[in-house]
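Below: the structure, in structure tokens.
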Amino acid sequence: MQESYKRACELFPAYRVELVHGRIVVNDVPTGDHNDIVSNLLMQIVSVVAANGWKLWTNIKVFLGPQADRYIPDLTIVPRDPHMWGDDEVYGDDTRLVVEVVSPSSVHDDHAVKPREYARAGVPLYLLIDPAQSVAILFSLPAEKGYQHRTQVELGTALDLPEPWKLSIDTGKLVEA
């Protein structure tokens, strides 16, 4: 499967190619509305990221294991010198936050598949923003069988990020034009 995945990445360099639950998933690049949500989130977290010397990365794979899936989150926050698997994959347990904005084509994977796999890889915080359902979900306390804690709020409600963030996100501002 890994060889097929590598070949798909080569064949579709202008697309987001992920390996999700053993399936090669080729997605269009995100829409303007999708990118607006990521941009609006960045405006709220950038000061904490800068104060901690972290980095804001897009279009980077999260390393989930040598024979595991390959995900490309919409936004990945990493420390100054993250532990890498090759040049284009950051170890999940060396991230500070992984963010996915749900698209119509990614609903099942973002809600059902990715939380389990991100938790197994040790991603400490997984923020899922679903504009169609008008919710934001923060998954925390990763364990082998999935995240032990899940906080869901309606967009428009504050969502607190735990240590080391000490930050409250105004989820209503995520979907403002």
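The values are calculated or read from the model by the stated rules, or taken from the named source; none is laboratory data. Please read these numbers as outputs of a predicted model, since none were measured by experiment. All Cβ positions, even for glycine, are placed from backbone atoms using ideal geometry, and neighbour counts span all protein chains on display. These accessible areas exclude ligands, DNA and RNA; they are computed on the full protein's heavy atoms, side chains included. Shrake-Rupley method; radii C 1.70, N 1.55, O 1.52, S 1.80 Å.
Can you tell which of Asp130, Asp87, Asp81, Asp109 is of a type in the set (Asp, Glu) and closer than 15 Å to Leu64 by Cβ?
Checking each option against the conditions leaves just Asp109.
Listed residues Leu159, Leu174, Leu138; which is surrounded by 14 or more Cβ atoms within 10 Å (Cβ to Cβ) and touching a residue at least 40 places away in the same chain (Cβ under 8 Å)?
Leu174
Looking only at the stretch 144-156, count how many residues are over 17 Å from the mean Cα position of the chain (by Cα) and either surrounded by 13 or more Cβ atoms within 10 Å (Cβ to Cβ) or not acidic (Asp, Glu) (or both).
5
Just name the residue that is surrounded by the most Cβ atoms within 10 Å (Cβ to Cβ) out of those in the stretch 162-171 that are modelled with pLDDT of 95 or more and part of a loop (DSSP other than H, G, I, E, B).
Trp165
What pairs come up if the first residue lies in the stretch 37-48 and is closer than 13 Å to Leu127 by Cα, the second is among the acidic types (Asp, Glu) and not in a helix (DSSP H, G or I), and their beta carbons are under 8 Å apart, counting only those six or more places apart or on different chains?
Listed by first residue and then by second, the contacts come to Val38/Asp74.
Could you count how many residues in the stretch 111-130 are open to solvent by less than 30 Å² (accessible area, probe 1.4 Å) and not in a helix (DSSP H, G or I)?
Residues meeting the conditions: 9.
I need a count of the residues in the stretch 95-110 that are in a helix (DSSP H, G or I) and open to solvent by 30 Å² or more (accessible area, probe 1.4 Å).
Selection size over the stretch 95-110: 4.
Within the stretch 1-60, can you find the residues that are exposed (fewer than 15 other Cβ atoms within 10 Å of the Cβ), modelled with pLDDT under 75 and β-branched (Val, Ile, Thr)?
Val26, Val29, Thr31
When you go through Arg96, Arg80 one by one, which is the residue that is over 26 Å from Glu3 (Cβ atoms) and in contact with a Pro (Cβ under 8 Å, 6 or more places away or on another chain)?
Of the residues listed, the single one that is over 26 Å from Glu3 (Cβ atoms) and in contact with a Pro (Cβ under 8 Å, 6 or more places away or on another chain) is Arg96.
Okay, residues lined up against (1) touching a helix residue (DSSP H, G or I) at 6+ places or on another chain (Cβ under 7 Å); (2) modelled with pLDDT under 95; (3) farther than 24 Å from Met43 by Cα:
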| site | (1), (2), (3) |
| --- | --- |
| Gly65 | no, yes, yes |
| Arg70 | yes, yes, yes |
| Thr76 | no, no, no |
| Pro82 | yes, no, no |
| Gly86 | no, yes, yes |
| Tyr91 | no, no, yes |
| Arg96 | no, no, no |
| Ser103 | yes, yes, no |
| Ser106 | no, yes, yes |
